[in-house]
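The values are calculated or read from the model by the stated rules, or taken from the named source; none is laboratory data. Given the structure is predicted, the values throughout are model-derived calculations rather than measurements. Ideal geometry is used to build each Cβ from the backbone, glycine not excepted, and the neighbour counts take in all protein chains shown.
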Amino acid sequence: MGVRIKSTGTSRDTTDTFSIVEHSARAAKQSLERAGVRPDQVGVLINTGVFRDNNTVEPAISALIQKAAGIGLDYTKEDPRSFSFDLMNGAVGVLNGVQVAQSVLATGSADHVLLVSGDTHPSLSRGVGDDEFPYATSGAALLLEITEEPEGFGRVHTVSGAGTPAVESYVDISTMGNQGRGLMTVDREPDAEDRLLAVAARAARAALGEAGEFDPATTVLIASTPSAAFPERLAAELGIAAEAVRTPDLSQGDPHTATLSLAYDAAAQDDSLSEFAQVLFVAAGAGPSAAAVLYRLPALAGATA
């Protein structure tokens, strides 16, 4: 018994909105439509996005996404119960969300867990990353369910690095003036990528070690994108061919918390997983910290996404 990805959803078109609430809700609704799952069949929604509309602190962004996606809006005694919460750990958040979903689904208290991710510039006036704020506006969703088939996520392995955080994001109250709701400072140390690579490799090796004998020819790597080159650098460290790396569209910048979900969606939609047995998901971000998990693909890879 395990937890598998039943379907995926994405939202990246910023022609009408930069709101991460709207993009995450659109991705959530698309994942439900693709799976033929009703909103009332979602027991839990977990939001792992970090950068949000107007630097909103309260209420939880998950609640706003839940409302926009039309999940759990009926309150009569007989209605199914749905709840949501934010789980924020930067780029690693999606895999932390998988950990929580595994525990929730194992109890049988929910049929589906909807894991949404994505970020936007808090000013809601731009969607393309640059040197000062490298993150692209995007939303993504993974609809997760329990399965009796020999597929799905294994154990999520986490690693923390020593020293300074490598990457920090904050609202600088000494300089923001009356513009604090639309500003965010991102500081990245000169050696940040190398430090992220080190913890990512440690987490990945832990996940691969659980699988016993590792066959790189059957493994796809999907990793965080603190730079466009990062996934291939990690693949080289692990002995995985560059041709087995899958990334999302990075033309607008780093999708940050949504990277893993966007990359998996793209690979599933273009059927580029069909020759592989498993996906190695690796996330690395501020801390520095990293997480990794092996995802065993179904017999027909991508068929449920």
Identity of the residue in segment 64-80, of a type in the set (A, V, I, L, M, F, W, C) and closer than 16 Å to Val113 by Cβ, that ends up modelled with the lowest pLDDT: Ile71
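Conditions tested, residue by residue: (1) surrounded by 19 or more Cβ atoms within 10 Å (Cβ to Cβ); (2) within 15 Å of Ala263 (Cβ to Cβ); (3) at pLDDT below 85; (4) in the same structural domain as Asp271 (by TED's automatic domain parsing).
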| residue | (1), (2), (3), (4) |
| --- | --- |
| Glu189 | no, no, no, yes |
| Leu208 | yes, no, no, yes |
| Gly212 | no, no, yes, yes |
| Phe230 | yes, yes, no, yes |
| Gly239 | no, no, no, yes |
Residue match in segment 62-78 (condition: surrounded by fewer than 19 Cβ atoms within 10 Å (Cβ to Cβ), closer than 30 Å to Arg155 by Cβ and without any contact (Cβ under 8 Å) to a residue 12 or more places away in the chain): no
Those residues of segment 6-32 which are assigned to a helix (DSSP H, G or I) and of a type in the set (Phe, Trp, Tyr), in sequence order: none
Qualifying residue in segment 83-105 (condition: in a loop (DSSP other than H, G, I, E, B), without any contact (Cβ under 8 Å) to a residue 12 or more places away in the chain and of a type in the set (Ser, Thr, Tyr)): no
Of residues in segment 141-187 being surrounded by fewer than 17 Cβ atoms within 10 Å (Cβ to Cβ) and on the phi > 0 side of the Ramachandran plot, the one modelled with the lowest pLDDT: Gly177
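The rows are residues; the columns are (1) small (Gly, Ala, Ser); (2) surrounded by 15 or more Cβ atoms within 10 Å (Cβ to Cβ); (3) touching a Lys or Arg at 6+ places or on another chain (Cβ under 7 Å); (4) under 14 Å from Phe51 (Cβ atoms).
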{"site": "Gln102", "(1), (2), (3), (4)": "no, yes, no, no"}
{"site": "Ser109", "(1), (2), (3), (4)": "yes, no, no, no"}
{"site": "Leu114", "(1), (2), (3), (4)": "no, yes, no, no"}
{"site": "Asp119", "(1), (2), (3), (4)": "no, yes, no, yes"}
{"site": "Leu124", "(1), (2), (3), (4)": "no, yes, no, yes"}
{"site": "Gly127", "(1), (2), (3), (4)": "yes, yes, no, yes"}
{"site": "Glu132", "(1), (2), (3), (4)": "no, no, no, yes"}
{"site": "Tyr135", "(1), (2), (3), (4)": "no, yes, no, yes"}
{"site": "Gly139", "(1), (2), (3), (4)": "yes, yes, yes, yes"}
Any hit, segment 33-48, residues being in contact with a strand residue (DSSP E or B) (Cβ under 7 Å, 6 or more places away or on another chain), of a type in the set (Lys, Arg) and either within 28 Å of Ile146 (Cβ to Cβ) or free of Cβ contacts under 8 Å to residues at least 24 places away in the same chain (or both): yes
All positions within segment 109-137 that are of a type outside the set (Phe, Trp, Tyr), assigned to a strand (DSSP E or B) and closer than 26 Å to Arg195 by Cα: Ser117, Gly118, Asp119
Some residue of segment 33-43 being assigned to a helix (DSSP H, G or I) and buried (at least 23 other Cβ atoms within 10 Å of the Cβ): no
